[in-house]
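Worksheet: the structure to be examined is printed underneath.
Just so you know, all these numbers are worked out from the coordinates, no wet-lab data involved. Everything numeric here is computed off the predicted structure, so don't read it as measured data. Here the Cβ positions follow ideal geometry from the backbone for every residue, glycine too, while neighbour counts run over all protein chains shown.
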Amino acid sequence: MTIYRSEDHFIVQAHHISKTFPGVKALSDVSFILREGEIHCIVGENGAGKSTFIKILTGSLRPDSGELVIHGKSYKSLTPYLSQSLGIQVIYQENILVPQMTVAENVFVGRERLNHFGLIDYKETIRLTQTIIDSLKINLDPETPVEKLSPSGQQFVKIVKSLAYEPRILIMDEPTAMFNVKDVEMVLNLVKDISRRGISVIYISHRLEEISEIADRITVFKDGQVVATHENPGKDFDLSVLIREMVGRSVEAFYKKDRNTIGEVVFEVKNLRLHHHSPEINFTLKKGEILGIAGLVGSGRTEMIRALFGMDPKISGEVWYRGKRITIHSPQDSIQAGIGLITEDRHKTGLALNLSVIKNTTIAGLDQYPGPILNLTTEKTDVEQFIQELDIKTPSPYQEVRFLSGGNQQKVVLARWLFKDVDILIFDEPTIGIDVNSKNEIYKLMTELAQKGKSIIMISSELPELIALSDRVIVVKNGRIITELDDDEITEENIISYAFGVTDDGQSEE
Amino acid sequence: MMDNPKSDGQLKKKTAGLPAFLRNQTFFLLIVIVLLSIVFGSINPRFLTWRNLLAVFQQITVLGIATMAMALLLISGGIDLSIGSMIGLSSVVICTLIMRGSNVGLAIFIGFGIPVFCGFINGVIVSKSKCVPLIVTLGMNYVYYGLALVISQGLFLSMKGNFQFLGRGRVFGVPMPMIIVIVMVFATHFLLTYTKYGRRLVAMGGNEQLAYLSGINVDRLKIMNYTLSGAIIGLASLVLVSRLGNVLANAGEGYELRTLAAAIIGGVTFEGGRGTIAGTFLGVILLGIVQNGLNILNVSSYFQTLAVGIIIVVAVVVSNLEKIRNR
């Protein structure tokens, strides 16, 4: 690591931090320096130690050894209170807002502005919130209840809230994960703006493109250690360097799929309407095909799939499967027909985290076994086969899935549908929150499934993923299928311009 | 997971702490029970006599059976706070029918059927209204208790000496209630571990959304499970009236909380998806031993209530220790 001339501008210095969890060395001799007003990006695979390091800075974890020097003062460990009073603020991925309260109330929750009667001063609360909103040049009404805001609106509230603490150090954990392309740009500008005010920003993201755009420095974590720090990377920085450092070997910049032969149409959606006034949705899916569904967050992609899978009611429409019309009123119906859904939110809807790999794998396909009684030995053997096939890294099939990494958890979800032996798989954001290496493994599995004759529908916000994997892409906007792209038409420019409505494909609005 | 040979030694030292078998709540509970028995026995040797231990077992039979119902509900993510009233209502109806000269067999059949029906109603309300089962069944607790009061008019009712076999009979010298509770423990364990039905219950308790998206008809499963629990309560109720011979409307009072306590002590959680029947039954035994032991030591029943309270809180805290330690 570089030696600096002066230590004056070092806000945070972490020296030789180590932290061990039962069975895992989470951090090993990590040293890290944060300078005043810089945007310091941290990258690394899931499990590389980023989150653990952040939790040590926020005081929610105590390091086993090492020293933290913050504003020139040395600490063995922090507490959440101490961390806050040192001016450290974190914006987490998860929602930490109270949905029923307004934006302003959320911003000052726990530190309510009081009038001289000791009651909450709403006017002042709103005024102060408005000031912060104005300074960020974003569009947000302090009096709107948070639950009425879009997901990206809620993300902005989190940023406003953290700034209300007047932090010296702002830690952002995947702040753009919830945003669509347009808002991402806005968030990145916000981050730059914040750092210009002299606030030091630690920025964690899996999206390498945005990191190269904003980073003053990039530190790469791997297996609990800092493997490299890059000074002033700039826009032309070679991202494959980062990827190489993160995974310890050079991965192809992006996964390349082998094209396979695509069969006849197996699945057809005709005139599907979700609401009385919504447009009709028509599309087909062929045997061995990967059909990508592109669209901005909020474009109606997920709603379409929910209705198809039977989670939400639909007004009208027909679903045809292998030449027969099928009726789907519940997930049960679609699963029986041979459709499996891999949801976007593994933790909320994809897994029972406290249950074992075995139980999570067989739950949808218990009826593969005859009779009401389970043969646990057979079940274990079956699941072990999937563990091996999908290369799920788990110490035992009895391990609770919450102890697995994101990538391995996703493989367990996938194993569930392979065990159930469905023919159509719907992936909603197949690699969300998964590290680079596991992503490639998931892509490989998806490709193999298609080669074996399964049909895949994939909703994704990650364009490289859509482009690399899809045989065909349909672009959704405002609940309507705007266009269908084949082969060479599947390009980043095409998808973006359709998704934003720049290219209208000749259709007029209703 | 992470291959780092240099840090290996350090790693082992750090993870040592408690050996794995001690972190297992069921095993921990077993040790507590043995230690408590030794303490009670050394203060008053009468505690550790075969006769007394048999009496402990006898005392916990109704609780043991009813706790199986509570465990099934908790593990599936539900709860039923009306089981005490269900027992009361069923007992009262049986006695009323018998006192009015009805056929004993028919009275027993109806008495068993009532909790089954109550459970079914609870299940329907919980699953269809999507309300919190805690509140729904708390309300139903009053409904069933009210019905029992109306039917009994608050009077002591008698079985008139009928139907003693289930509560007082013996088979090969073994008391019937003991046989029933042991059979129920094994049956419930089998149901939860080795059947598709049980597996689906566990999954629903672990994550209801997941269960729904995996094609499980969660509403139907809930109704079935509440009904089944009602049947288990029906059995508990039959054992109770058979043993007591005469009852008041509040015959089952307190069972809703004591079954809950036993299950929680045994490692079942409020959130669902966790816990074993073995642990649950040890929880029942612990409650029985504490009550009997304190009786033998001549501790007033007021203190016993206090002791049970402390045990519950300690059990919950102990089962949560792992989370705290991971900080």
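For the peptides A:134-145, A:221-232, the ranking by packing is A:221-232, A:134-145, with the highest mean count of neighbouring Cβ atoms within 10 Å listed first. Compute the separation of the alpha-carbon centres of the stretch A:427-496 and the stretch B:128-153 and state it in Å as a whole number. Their Cα centres are 52 Å away from one another. If you sort the three axes of the alpha carbon gyration tensor as a ≥ b ≥ c, you get a/c of 1.5 or more for chain B and a/b no higher than b/c, which makes it oblate. Under 5 Å between amide H atoms, partner at least 5 residues away or on a different chain: which partners does A:K286 have, H built in plane at 1.01 Å? Those lying under 5 Å, H to H, from A:K286 are A:V266. The base-10 log of I(q)/I(0) for the stretch A:284-417, evaluated at q = 0.09, 0.19, 0.22 Å⁻¹, reads -0.33, -1.20, -1.34 [Debye formula, identical scatterers on Cα atoms, solvent excluded]. Considering only beta bridges that DSSP places wholly inside the protein assembly as shown, some 60 percent are antiparallel. Taking packing as the residue-averaged number of other Cβ atoms within 10 angstrom, the listed peptides A:465-471, A:146-152 run from highest to lowest as A:465-471, A:146-152. Based on the Stokes-Einstein relation at 20 °C and a viscosity of 1.002 mPa s, and on the Kirkwood radius from alpha carbon pairs, the stretch B:60-253 is assigned a translational diffusion coefficient of 127 µm²/s. Remark on A:Y203: its backbone amide H falls under 5 Å from those of A:H40, A:C41, A:I42, A:M172, a criterion applied only to residues 5 or more positions apart or on other chains, H modelled at 1.01 Å from N. A crude spin-label estimate for the pair A:K444 and A:Y165, with each label 7 Å from Cα along the Cβ direction, gives 4.1 nm. The modelled label-to-label distance for the pair B:I43/A:I326, using points 7 Å beyond Cα in the direction of Cβ, is 6.5 nm. What distance in nm lies between label points placed 7 Å from Cα along the C-beta direction at B:V299 and A:N375? It is 5.1 nm. The calculated FRET efficiency for B:N217 paired with B:F165, based on their beta-carbon distance and R0 = 25 Å, is about 0.05. Computed over neighbours whose Cβ is under 12 Å from that of A:R196, the net charge equals -2, Lys and Arg +1, Asp and Glu -1.
Dipole of the protein assembly as shown (Lys/Arg Cβ +1, Asp/Glu Cβ -1, origin at the Cα centre): which of A:L274, B:I277, B:I216 lies farthest to the positive side? Comparing the listed Cα positions along the dipole, B:I277 ranks first. Legend: Rg and Dmax of the stretch B:236-284, from Cα coordinates, 13.4, 38 Å. Remark: A:W417, B:W50, A:W320 ranked as B:W50, A:W320, A:W417, counting other beta-carbon atoms within 10 Å and listing the fewest first. Averaged over the residues of B:187-194, the number of partner chain Cβ atoms lying within 10 Å of the residue Cβ comes to 1. Based on DSSP H segments of at least four residues, each scored -39500 (n - 2.57), chain A has a per-residue ellipticity at 222 nm of -9500 deg cm²/dmol.
A simple rule links phi to the HN-Hα coupling: the Karplus curve 6.51 cos²θ - 1.76 cosθ + 1.60 with θ = phi - 60°, which for the stretch B:55-60 gives 5, 4, 4, 4, 5, 8 Hz, with x for Gly and Pro. Between A:L239 and A:D29, the FRET efficiency estimated from the beta carbon spacing at R0 = 45 angstrom works out to 0.95.
Comparing B:S37, B:S237, B:S300 in a Gaussian network model of chain B (Cα springs below 10 Å), the most mobile by mean-square fluctuation is B:S300. Counting Cβ atoms of other protein chains within 10 Å of each Cβ in B:281-291 and taking the mean gives 0. When you restrict to C-alpha pairs under 8 Å that are six or more residues apart and normalise by the size of chain B, the relative contact order lands at 31 percent. In the stretch A:257-330, inverting the average of 1/r over every pair of distinct C-alpha atoms gives 13.4 Å as the Kirkwood radius. Shown is the FRET efficiency for B:L257 and A:V265, computed with R0 = 60 Å from the Cβ-Cβ distance and rounded to the nearest 0.05: 0.50. The distance from the alpha carbon centre of the stretch A:319-343 to that of the stretch A:62-141 is 47 Å, rounded to a whole number.
3J(HN,Hα) along the stretch B:191-201: 4, 6, 8, 10, 10, 4, 4, x, 4, 5, 4 Hz, from the Karplus curve 6.51 cos²θ - 1.76 cosθ + 1.60 with θ = phi - 60°, whole Hz, x for Gly and Pro. Residue order for A:I339, B:I179, A:I432, A:I133, fewest other beta carbons within 10 angstrom first, comes to B:I179, A:I432, A:I133, A:I339. Computed from backbone phi with θ = phi - 60° and the Karplus coefficients 6.51, -1.76 and 1.60, the 3J(HN,Hα) list for the stretch A:164-174 is 5, 7, 6, x, 9, 10, 10, 9, 10, 9, 6 Hz; x is used for glycine and proline. The Stokes-Einstein estimate for the protein assembly as shown, based on a Kirkwood radius over Cα pairs and taken at 4 °C with 1.567 mPa s viscosity, is a diffusion coefficient of 42 µm²/s. An oblate overall shape is assigned to the stretch B:204-327, the ratio a/c of its alpha-carbon gyration tensor axes (a ≥ b ≥ c) being 1.5 or greater and a/b not exceeding b/c.
Averaged over peptide A:348-358, the number of partner chain Cβ atoms lying within 10 Å of each residue's Cβ comes to 5. Measuring nothing but how far apart in sequence close Cα pairs (under 8 Å, 6+ apart) lie, relative to its length, the stretch A:412-498 scores a relative contact order of 23 percent.
Given +1 at the Cβ of Lys and Arg, -1 at the Cβ of Asp and Glu and no other charges, the dipole of the stretch B:60-253 around its Cα centre is 300 debye to the nearest 20. With all pairs of different C-alpha atoms in the average, the Kirkwood value for the hydrodynamic radius of the stretch A:96-166 is 12.0 Å. Per-residue Cβ neighbour counts within 10 Å put A:E492, A:E185 in the sequence A:E492, A:E185, beginning with the fewest.
Placing +1 on the Cβ of every Lys and Arg and -1 on the Cβ of every Asp and Glu, with nothing else charged, gives the protein assembly as shown a dipole about its Cα centre of roughly 4040 debye. Put the Cα centre of the stretch B:43-108 next to the Cα centre of the stretch B:285-300 and the gap is 19 Å.
Based on C-alpha pairs under 8 angstrom that are at least 6 apart in sequence, chain A has a relative contact order of 14 percent.
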